[in-house]
Amino acid sequence: MEYWLIFICGMGGSWAVELVNIYYFYEKEKDLPQRYRSFGFWLCRFLLSVIGGGLALAYNINSLILAIHIGAATPLIIQQLARTRVE
């Protein structure tokens with residue numbers, strides 16, 4: 001399978017999470033939070049999606065749906081790594 005395709009699917013999975021979050025606000029007819037108007041937020045979101053694509057490649061998988069899953073799970077994976085202490 002092509003590496004670029006795995007990478008793009010990993011990125012897409014990461015972006016899908018944010019799309020679901022934005023959709024939630026539209027369903028509830030609420031204003032979007034201020035963070036969605038921040039360049040810093042979108043920069044972080046972009047970098048997370050790049051990490052998601054990279055993780056999909058690092059896991060060396062050959063399934064596009066798994067690449068999407070890894071991309072979607074990337075924020076949780078990164079949070080857990082940040083909370084884990086090395087003793």
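The values are calculated or read from the model by the stated rules, or taken from the named source; none is laboratory data. The model shown is predicted, which means the values in this text are computed figures rather than measured ones. Virtual Cβ from ideal backbone geometry, glycine too; neighbours counted across all protein chains shown.
On inspection, Arg37 does not qualify as of a type in the set (D, E, K, R), touching a helix residue (DSSP H, G or I) at 6+ places or on another chain (Cβ under 7 Å) and at negative phi. What pairs come out if I take residues in the stretch 60-75 that are within 9 Å of Ile6 (Cα to Cα) and pair them with residues that are of a type in the set (A, V, I, L, M, F, W, C) and assigned to a helix (DSSP H, G or I) whose C-beta lies under 6 Å away, six or more apart or interchain? Once the first residue is within 9 Å of Ile6 (Cα to Cα) and sits in the stretch 60-75, its partners that are of a type in the set (A, V, I, L, M, F, W, C) and assigned to a helix (DSSP H, G or I) give Leu64/Cys9; Ala67/Ile6; Ala67/Cys9; Ala67/Ala56; Ile68/Cys9. Which ones in the stretch 47-59 are under 19 Å from Leu5 (Cβ atoms) and within 12 Å of the chain's Cα centre (by Cα)? Matches in the stretch 47-59: Ser49, Val50, Ile51, Gly52, Gly53, Gly54, Leu55, Ala56. Every test in (1) loosely packed, with under 10 Cβ neighbours inside 10 Å; (2) at pLDDT 90 or above is passed by Arg83 save one, and that test is (2). Within the stretch 34-71, restricting attention to residues that are out of contact with any Phe, Trp or Tyr (no Cβ under 9 Å at 6 or more places or on another chain), in a helix (DSSP H, G or I) and of a type in the set (Gly, Ala, Ser), the residue that is surrounded by the most Cβ atoms within 10 Å (Cβ to Cβ) is Ala58. The single condition among (1) surrounded by fewer than 18 Cβ atoms within 10 Å (Cβ to Cβ); (2) part of a helix (DSSP H, G or I); (3) out of contact with any Cys (no Cβ under 9 Å at 6 or more places or on another chain) that Asp31 does not meet is (2). Looking at the stretch 74-87, which of the residues that are out of contact with any helix residue (DSSP H, G or I) (no Cβ under 8 Å at 6 or more places or on another chain) and part of a helix (DSSP H, G or I) is nearest to Gly13 (Cα to Cα)? Result: Leu76. Within the stretch 16-28, the set of residues being assigned to a helix (DSSP H, G or I) and more than 11 Å from the chain's Cα centre (by Cα) comprises Val20, Asn21, Ile22, Tyr23, Tyr24, Phe25, Tyr26, Glu27.
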